[in-house]
Each structure stands twice: as structure tokens, then as C-alpha cells.
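Here is the structure we will look at.
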Amino acid sequence: MYRLRTTAALALARSAGTLSRRLGLGGGTSLPGQVARILDPTILTNFCTALPEGVALIAGTNGKTTTSRMVATILEQAGKPLLHNRAGANLLPGLTTVAITDADWRGRPHAHQALFETDEAALPQAIAETRPRLVVLLNLFRDQLDRYGEIDTIARHWRTALQTLPPTSIVVFNADDPALSSIVQGLSAQIIAFGLADVRHATGAALHIADSQFCHACGHRYHYQHVFYAHIGHYACPQCGQHRPEPDIALTVLEPRGLDGSDLQITHPGGTVQFRLPLPGLYNAQNALAATAATLALGITSATISNALQNFQAAFGRIERITAGPNGPPLLIALIKNPVGASETVRMFTTATDQPLHLLIAINDRFADGTDVSWLWDADFEPLAQRVAHVTVSGTRAADMALRLDYAGVTGEVITVIDDLPAALDAALSRLPPGETLAVLPTYTAMLDLRSEISRRGWAKPFWEA
């Protein structure tokens with residue numbers, strides 16, 4: 001009976017995915033999983049239980065797609081057969097769809113291990129269903145309050161789920177995030193901390209958007225010796241003594257190389273990893289640190305890690321470089337979706353180059369973006385003042401973004417509002433001087449719309465193939 005149910009679920013789910021792609025409804029990255037889970041609710045658990053090397057989950061508000069792509073690149077470099085939700089569908093139907101793609105007719109896997117990036121709200125259920133060997137926790141920030149609620153709620157759910165992990169599991173976490181340091185205390189699972197040690201980059205940027213300012217043990221306000229951004233930094237509670245744990249794996253040297261990337265040195269108990277990461281910004285350096293910590297925990301060598309990351313290619317929309325046609329100018333696409341992510345993206349662009357910036361910002365307020373766009377007023381767009389040569393604003397909330405830029409000090413003469421995204425893209429490109437790069441900052445669904453348009457024009461593959 002079990003095998004018959006599973007076989008039927010696989011057949012119908014795969015047919016649903018094929019139909020979705022043929023009808024142009026998307027890449028079929030979630031619908032097959034939805035169908036399969038209705039017909040066989042245990043299909044994902046049974047699949048993951050049969051994986052010889054188990055499951056790794058990566059969760060966090062920001063950076064999970066890039067970090068999981070980095071981990072996948074490292075594991076592939078190490079010759080590990082891997083299943084990965086590469087297209088970014090990170091709810092349970094998306095994870096199930098990836099499992100279906102790899103399964104034989106009985107629902108058993110071909111791959112040896114699976115790597116899943118996981119939505120913050122979905123992590124507890126993902127832990128329950130996949131029984132992971134490794135969980136990587138990147139950060140917790142305010143994001144789409146209409147969907148997730150406050151981060152304390154998410155943190156409580158994460159801790160409850162993590163407490164179910166056995167001693168054979170490993171939790172790799174960001175020691176610079178006090179919420180995560182509190183979550184992992186007292187777990188049965190093994191814990192490994194990673195953190196930033198090059199304090200030259202502790203600028204205290206965007207302190208007004210810090211979410212975890214108060215001690216999770218006693219409620220007293222943390223004292224920070226160094227702040228990298230928001231509440232990420234070196235902290236201690238002056239009342240009860242709770243403090244940032246010493247990282248097992250630390251980013252000791254970060255040398256920025258403009259928009260071309262950064263030189264990194266990461267120390268760990270077994271030695272040092274050094275490489276040039278071809279992605280700019282502190283954020284991406286921290287993603288590389290997390291990926292290094294995760295793969296060291298999986299037994300990958302330093303040489304393999306450095307070779308993989310210095311040849312890393314970004315995930316779609318995450319500092320992704322695309323050429324606009326055979327002889328067209330370059331686009332640099334950087335997803336923005338919450339105050340911290342947007343602030344750090346602006347910081348990256350304004351510190352990586354002294355050249356005037358040419359921007360296309362596309363803001364949508366659909367469900368997957370979060371229908372509340374008040375986060376635009378928390379994000380730190382002020383560094384764009386006096387740095388923007390021209391900015392084209394688009395999306396369903398283009399007017400809101402234009403107003404936010406006006407309040408940030410960007411003069412109205414350099415702002416153009418075009419609601420229609422393809423028309424906005426053409427207008428932005430037409431204003432771009434020869435030899436310059438167009439920086440594109442979209443929210444999630446605007447990024448998918450943009451990727452669809454770019455694919456239609458033949459400039460890049462569809463996002464689910466990228």
C-alpha cells in the first residue's frame with residue numbers, strides 16, 4: 001500500500017511539473033511537491049531517511065541562497081553527489097519537489113546527500129521531516145512582518161525544533177548574532193560557531209535597525225565592543241555576563257577589491273583557508289565564512305573549499321552579473337527585501353566604487369515580497385545622496401521608493417519613475433553611459449519579473465536553470 005501510494009504521488013507530481021513548464025506557469029519548482037504531499041504526506045521524510053549521507057539545512061533571514069549555492073559548489077568540487085534546491089524554492093513543497101526529481105519510481109534517492117536552503121518559518125517543519133545531519137543558522141532579522149511576525153517568535157520556534165536534534169547532528173551558527181547564540185545554548189547536538197574577527201569593518205552601520213539589542217537571558221541592553229551592521233557584532237551583557245562566544249571558525253582578514261570581490265583569510269582548528277571571493281561586500285564574505293564552516297563540519301578539506309569559492313558563480317539575482325545582449329552593457333543584480341539587506345547592499349555599492357552610480361530599483365508588494373513596504377523607511381538609503389548619477393524606479397510601489405529616495409537626499413532631477421518593469425529596464429539602459437554598469441536592486445517578485453524579461457530577451461537562462 002505504501003509503495004503504491006508513493007508511486008502514484010510521484011507520477012502525478014511529475015506530470016504536474018511538466019504541465020506547469022509547458023503552460024509557461026513557472027519552472028515547476030513547487031507545484032509537484034504540493035501534489036505529492038497531498039497524496040503521500042510522508043514522502044519527503046521517507047526520501048531523506050534513505051539518503052546515505054543525510055541532509056544539510058541552511059536557514060536565515062538573509063544570505064541563505066548564496067550560502068547554500070556556495071556549499072553546493074564546495075561539495076560538488078569534492079566529488080559528492082548532491083541534491084540541492086538550486087532554484088530557491090525553500091518551503092516544504094519546494095523541498096519535496098527536489099526530492100521527487102531525484103527519486104526512483106519507489107521514491108528512493110539516487111543522490112547520497114541533500115542540501116536544502118529553508119525559509120525561516122519553514123525551518124521547524126523541515127527539521128521534523130528531513131531529520132538533518134547538519135543545520136546552518138546565518139542570522140535573524142525583521143523580514144515581512146505580515147508573514148513571519150517578530151524575530152523572537154521565529155527564534156522560539158527554531159529553538160524548540162533544534163532541541164529535537166540528536167547528539168549526532170551538528171548545528172553551525174553565527175556567533176555574531178546574539179539571537180542565534182541564545183538559541184543554541186544547551187542543545188544535545190554538536191555546535192560550531194563562526195564569526196567575524198577583522199574589526200576594521202566594524203563601522204556600526206545602520207544601528208537603528210538592530211533587532212536583538214537586549215539580552216535573551218536577563219533583558220538588559222547589550223553592550224557592543226564592535227558592530228558590523230544592525231545587531232551583528234561583538235556583544236556582552238553587562239548585567240548577567242552573557243556574551244558572544246569565541247568562534248571556532250573566524251574570518252580574520254577581509255580585503256575588499258571593489259566590485260570585483262574580496263580577499264579572505266579564514267582560520268579554523270585545522271589551519272587556514274585563503275582565497276579571493278569573486279563577490280563584493282561584507283555580507284558575501286560572511287556567507288563564504290558560513291559556507292566554509294559548514295563544509296569543514298562535513299569533512300571537506302581547506303584546499304577544496306578555497307578552490308571552489310574562488311571560482312564561485314553567484315545565484316540568480318544575488319550579485320548576479322548579466323550582459324544586456326551580445327554587445328550590451330553589464331547588469332549587476334542584487335536582491336533587496338528587508339531593512340538590513342537593503343542597507344548592506346547600498347553600503348556595498350557606495351563603498352566599493354567612487355564612480356557615480358546608475359541604478360534601477362524595482363519594489364513590489366506582492367505576498368512573496370511582504371505586502372508591508374514600510375521597511376523602506378528603516379533601510380539606510382541615505383548614502384546614495386550625492387552618489388547617484390541617475391536612478392530609475394519601477395514596480396508596484398515605485399512611487400513609494402521614489403519618495404523614500406527624495407527623503408534620503410537624492411535629488412528629483414536624477415529620479416525617473418516608470419511603473420512597467422520592461423519599460424523601466426529599457427529607460428535605465430538608454431541612460432547608461434558607455435563602459436558603465438547598471439546596478440539593479442529588486443525585491444523578490446520584481447527580481448523574478450526581471451529575470452523572466454531577461455530570459456525572454458535571450459540575455460540569460462530562466463531562473464530555475466541558472
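The values are calculated or read from the model by the stated rules, or taken from the named source; none is laboratory data. Note that the structure is predicted; figures quoted are calculated from it, not measured. Note that we place each Cβ from the backbone using ideal geometry, even for glycine, and neighbour counts take in every protein chain shown. Quick note on the areas: whole protein, heavy atoms, side chains included, nothing else; ligands and nucleic acids left out. Shrake-Rupley method; radii C 1.70, N 1.55, O 1.52, S 1.80 Å.
Please count how many residues of the stretch 297-310 are without any contact (Cβ under 8 Å) to a residue 60 or more places away in the chain and touching a Ser or Thr at 6+ places or on another chain (Cβ under 8 Å).
Total meeting the criteria: 1.
Are any of the residues in the stretch 97-116 at pLDDT 95 or above and under 25 Å from residue 175 (Cβ atoms)?
Yes, the stretch 97-116 contains a residue that is at pLDDT 95 or above and under 25 Å from residue 175 (Cβ atoms).
Of all residues in the stretch 358-375, how many are in a strand (DSSP E or B) and open to solvent by 10 Å² or more (accessible area, probe 1.4 Å)?
Residues flagged as in a strand (DSSP E or B) and open to solvent by 10 Å² or more (accessible area, probe 1.4 Å) within the stretch 358-375 amount to 1.
Being open to solvent by 40 Å² or more (accessible area, probe 1.4 Å), modelled with pLDDT of 95 or more and touching a Lys or Arg at 6+ places or on another chain (Cβ under 9 Å) narrows it down to one of 396, 411, so name that one.
Values: 411 fails: touching a Lys or Arg at 6+ places or on another chain (Cβ under 9 Å).
Going through 396, 411 in turn, just one is open to solvent by 40 Å² or more (accessible area, probe 1.4 Å), modelled with pLDDT of 95 or more and touching a Lys or Arg at 6+ places or on another chain (Cβ under 9 Å): 396.
In the stretch 301-319, how many are of a type in the set (S, T, N, Q) and in a loop (DSSP other than H, G, I, E, B)?
Within the stretch 301-319, residues that are of a type in the set (S, T, N, Q) and in a loop (DSSP other than H, G, I, E, B) number 4.
Every residue in the stretch 323-342 that is in a loop (DSSP other than H, G, I, E, B), over 24 Å from residue 287 (Cα atoms) and either open to solvent by less than 10 Å² (accessible area, probe 1.4 Å) or touching a strand residue (DSSP E or B) at 6+ places or on another chain (Cβ under 8 Å) (or both), please.
324, 329, listed by residue number.
Quick test for you: out of 173, 141, pick the one residue that is open to solvent by less than 20 Å² (accessible area, probe 1.4 Å), among the aromatic types (Phe, Trp, Tyr) and either free of Cβ contacts under 8 Å to residues at least 12 places away in the same chain or out of contact with any strand residue (DSSP E or B) (no Cβ under 7 Å at 6 or more places or on another chain) (or both).
Among 173, 141, only 141 is open to solvent by less than 20 Å² (accessible area, probe 1.4 Å), among the aromatic types (Phe, Trp, Tyr) and either free of Cβ contacts under 8 Å to residues at least 12 places away in the same chain or out of contact with any strand residue (DSSP E or B) (no Cβ under 7 Å at 6 or more places or on another chain) (or both).
From the list 89, 114, 99, 126, pick out the single residue that is open to solvent by less than 30 Å² (accessible area, probe 1.4 Å) and in a strand (DSSP E or B).
Residue meeting the stated conditions: 114.
Search the stretch 67-86 for residues being within 18 Å of residue 47 (Cβ to Cβ) and open to solvent by 20 Å² or more (accessible area, probe 1.4 Å), and hand back the single one that is modelled with the lowest pLDDT.
Selected residue: 81.
Being out of contact with any Pro (no Cβ under 6 Å at 6 or more places or on another chain) and modelled with pLDDT under 85 is the filter here; which residues of the stretch 16-48 pass it?
Once the filter is applied, which keeps residues that are out of contact with any Pro (no Cβ under 6 Å at 6 or more places or on another chain) and modelled with pLDDT under 85, the stretch 16-48 yields 18, 19, 20, 21, 22, 23, 24, 25, 26, 27, 28, 29.
Which members of the stretch 432-460 meet the condition of being over 21 Å from the mean Cα position of the chain (by Cα) and within 13 Å of residue 393 (Cβ to Cβ)?
Selection gives nothing.
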